[in-house]
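Engineer: There's a structure below that I have some questions on.
The values are calculated or read from the model by the stated rules, or taken from the named source; none is laboratory data. Quick caveat, the model's predicted, so the values are computed rather than measured. We place every Cβ from the backbone using ideal geometry, glycine too, and count neighbours over all the protein chains shown. Each accessible area value is taken on the protein alone, full model and side chains, heavy atoms only, with ligands, DNA and RNA left out. Shrake-Rupley method; radii C 1.70, N 1.55, O 1.52, S 1.80 Å.
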Amino acid sequence: MRHAGPMARRSALAIPVDLRARLEAARLDLLALFRALDRMDLSAAEIPQRLIHQLFELDADYGEALWALDQPPSSLDLRAMLRDTLAALEQLPDALVRFRKTLPQRTRSTLPALELAVRKTLDPLEAYNMVPGRDPHNG
């Protein structure tokens with residue numbers, strides 16, 4: 001019996017060219033939301049804890065993915081990272097809608113404007129807050 005020749009090499013995994021920008025935007029959007037909420041007169045009981053926790057988890061996932069993009073390609077399971085990161089990015093719009101729907105009615109007219117105002121003031125490097133190995137002040 002003849003043995004098959006060397007296995008054909010799998011094609012390199014293609015990381016979407018916009019992945020870093022999408023992750024940075026998602027983290028900045030969440031940071032704007034968190035800071036806007038912090039500026040509002042809300043008690044902890046008025047903020048849906050389970051849903052905000054989900055947003056914190058997504059933010060952490062995005063930070064971890066930004067860290068992973070800076071690692072040598074051979075040091076990580078890029079296929080798993082990409083799968084998990086894209087799934088986390090897909091969750092954000094629905095998670096935000098669910099979260100906002102459960103906030104008190106009085107916040108629904110002011111929160112979007114406050115978020116936008118905060119978002120405009122954020123330094124793009126703040127997307128790397130708490131990302132290991134990245135000092136936002138050093139670029």
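Engineer: Looking at (1) among the hydroxyl-bearing types (Ser, Thr, Tyr); (2) free of Cβ contacts under 8 Å to residues at least 24 places away in the same chain; (3) open to solvent by less than 10 Å² (accessible area, probe 1.4 Å), which is the one condition that is false for TYR62?
Structural biologist: (2)
Engineer: A further question on this structure: Of the residues that make up the range 87-99, is at least one touching an Asp or Glu at 6+ places or on another chain (Cβ under 7 Å) and free of Cβ contacts under 8 Å to residues at least 60 places away in the same chain?
Structural biologist: Filtering the range 87-99 for residues touching an Asp or Glu at 6+ places or on another chain (Cβ under 7 Å) gives 88.
Next, from what is left, pick out any that are free of Cβ contacts under 8 Å to residues at least 60 places away in the same chain: 88.
The answer is yes, given that some residue of the range 87-99 is touching an Asp or Glu at 6+ places or on another chain (Cβ under 7 Å) and free of Cβ contacts under 8 Å to residues at least 60 places away in the same chain.
Engineer: Determine, yes or no, whether LEU31 is in a helix (DSSP H, G or I) and surrounded by 11 or more Cβ atoms within 10 Å (Cβ to Cβ). Give the steps one after another, and end with the answer.
Structural biologist: Values: in a helix (DSSP H, G or I): yes; surrounded by 11 or more Cβ atoms within 10 Å (Cβ to Cβ): yes.
Taking the combined requirement at face value, the residue satisfies it.
Engineer: Okay, next question. Is it the case, given these coordinates, that PRO136 is loosely packed, with under 14 Cβ neighbours inside 10 Å and at pLDDT below 95?
Structural biologist: Numbers: loosely packed, with under 14 Cβ neighbours inside 10 Å: no; at pLDDT below 95: yes.
Here the answer is no, as PRO136 does not meet what is asked.
Engineer: If I go through the range 75-124 residue by residue, how many of them are of a type in the set (D, E, K, R) and loosely packed, with under 12 Cβ neighbours inside 10 Å? Steps first, answer last, please.
Structural biologist: Taking the range 75-124 as the starting set, the residues that turn out to be of a type in the set (D, E, K, R) are 77, 79, 83-84, 90, 94, 98, 100-101, 106, 108, 115, 119-120, 123.
Narrowing further to those that are loosely packed, with under 12 Cβ neighbours inside 10 Å: 77, 79, 83, 90, 94, 101, 108, 120, 123.
Number satisfying all stated conditions: 9.
Engineer: Which one of the conditions (1) outside any loop (DSSP other than H, G, I, E, B); (2) among the charged types (D, E, K, R); (3) without any contact (Cβ under 8 Å) to a residue 12 or more places away in the chain does GLU24 fail to meet, given that it meets all the rest?
Structural biologist: (3)
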